[in-house]
Every structure is written in C-alpha cells, then in structure tokens.
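A short write-up of the structure that comes next.
The values are calculated or read from the model by the stated rules, or taken from the named source; none is laboratory data. Everything numeric here is computed off the predicted structure, so don't read it as measured data. Here the Cβ positions follow ideal geometry from the backbone for every residue, glycine too, while neighbour counts run over all protein chains shown.
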Amino acid sequence: MVYKIIGKRGGIHVDWAISMGLFLVYVILLFIVIKPGSYPIHKPESLFTIVENTFLSNTQINIKDVQFSVTHCIEGREVKLDDRNNNYKFSEIKKIDTSTSTILTKEGEQATNGVNVGGSATIYCTNAGGYTPWIDDAPKKFLAISYQKELKKDNDPASLPKYEIECVTKSATAPKASPGKECKAKLGAVTEYIGFYKEYIDEIETKSNNFEQLKKDWGFPLDSNFKITVVRKETEAEDDIKIFDRLNPEAPEGVSVFIKEFDAVLLNKYNEREKIRITIIIW
C-alpha cells in the first residue's frame, strides 16, 4: 500500500514537470516566432537621420575657387591650370584687380580674350585676337572656379582634386624670352564652398515619382512617410523642388507629424549662391 502511494505521487510530479516544460516552450515560441501584437517602432529622430543624411549625401556639391598668378605672358605661350586627378572641371575665369574682379569667360562660351575653360583653365598669351601679352614684372592675378564632374564623397582621397599649373610654349617659332622674363605661373589659395546643387535635387525629385522605391533605396520604413520642400529665403517663394509621395501628399488626420527646418545654400557650377530653407516633414 505504501509503495502504491509513493509511486502515484511520483507520477504526479513527473506529469507536472512535463506539462510545465511544454507550457514554457510554447510561451517562448509564441514570443520568438509569432510575436503577438509586436511591431517595429521608428523614433522621429532616427527617421530624420535617415532622410537628412541621405538627402545631404546625394545633393551637395563641392565648389573650389582656385587663385593663381602669372608673371610675364610672352607671345606664343599659354598658362594651363589642370586637375591631374581628373575629378574637377573649370567653369569660369576671373581677372582680379585691387578691389574688383572681371569675368573673362564662362564654360559653354566661345573662348574670349584668349581665355578658355572646361577640362582645364587656359590663358593664351598671343596678340592674334587673344589675351594681350605683358612683359612687366608685376604678376597678374586670376581666379578659376572649379566644380566636381560628378557627385562624389569629398572625404575620399580618390575624389579630391590635385591642381597643377604650368606655362607651355605653343610654337617652336615663339619669340625667345629674355633671361629672367620667362612665363611663370604660381598657384595661390584654394577656397572651398559646399552647398546644394539643383541638378542633383532635380534627379531625386524625378526618382520620387516612384516613391515606394525611393524609400527602399534610402532605407526608410515603408509604413512611414516624408516630404521635402525648398523655399527661397529672399522671396519666400516655394521652389519647384518637391520630394514627396504623390499618392499620399499629406499626413492623414490623427497621425503625429514631425517637422525639421534648416537654412542652407543653393549653388551652381559658377559658385553663384542663393539662400534657401529646407523643410523635412515626417509622419
């Protein structure tokens, strides 16, 4: 009788342990696999970080003003400024006087005054319809505007420019220079400007026609949304630039909306600058 009672009690404990083990396994599987009522939470700060960082890295351009001087521009020579890394082009050359600057030529224009820009910035020292040569010892100062050929990360050493300037003799029959009067060119200060490039913003605006794909490319959660607008500060007029979901242009009622605004500069390849205000709306 005692043996039967002990055996019965032991069986009850075994059954209880097995049942509790199965219950715990079920609960663990429930939370790991099924995840009842769970959903990803995206904080506004992280969403702004995604939009702002991606927008900045895909729309900003780096413009560099390259100063240089030339002493003696003898007929038959030319002064040539290049980016040896072939990452930057030249859009404009200015002649710098004491307190003023004069635009000599712009990219896309026919070479005037013996000055040309494009893959390099060139000053031709010739009397034949070109830049008037000079032989005095006073250096002439110039400024070349240089811009990135394509969107690249400027913190990548491979994308940085390497400016070199030289005087080149264009003709074997060019007049000989007197000793100490040879053409000499020297690089000066390089000033950097960073701003938003309208052409790059236009590209993103075009891609936003397929907004779902744009969000995937940017790593933005599909269950959230955003809108980017640009306003010109001088006129307070909204620019044509708008990046948003054309099927859902506004946040629905009852949804929390978060807004971030910041001032910036719109640049073109001639380093002409305009103040703008960028607004990012997230919901």
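When Ile201, Ile282 are checked against the criterion of being crowded, with 18+ Cβ neighbours inside 10 Å, among the aliphatic types (A, V, I, L, M) and closer than 23 Å to Glu150 by Cα, Ile201 stands alone in meeting it.
Take Glu234 and tell me if it is over 30 Å from Ala144 (Cα atoms) and either at pLDDT 90 or above or loosely packed, with under 15 Cβ neighbours inside 10 Å (or both). No: the conditions fail for Glu234.
Of all residues in segment 268-283, those that are in the same structural domain as Phe226 (by TED's automatic domain parsing) and more than 19 Å from Thr229 (Cα to Cα) have Cβ atoms under 7 Å from Cβ atoms of residues that are aromatic (Phe, Trp, Tyr) and buried (at least 16 other Cβ atoms within 10 Å of the Cβ), 6 or more apart or on another chain, in Lys269/Tyr147.
Of the strands (runs of 3 or more DSSP E) lying entirely inside segment 58-121, not one is found with 3 or more residues being under 29 Å from the mean Cα position of the chain (by Cα), within 17 Å of Ala189 (Cβ to Cβ) and modelled with pLDDT under 90. Could you check, for segment 237-259, whether at least one of its residues is touching a helix residue (DSSP H, G or I) at 6+ places or on another chain (Cβ under 6 Å), more than 30 Å from Thr71 (Cα to Cα), small (Gly, Ala, Ser) and at pLDDT 85 or above? There is no residue in segment 237-259 that is touching a helix residue (DSSP H, G or I) at 6+ places or on another chain (Cβ under 6 Å), more than 30 Å from Thr71 (Cα to Cα), small (Gly, Ala, Ser) and at pLDDT 85 or above.
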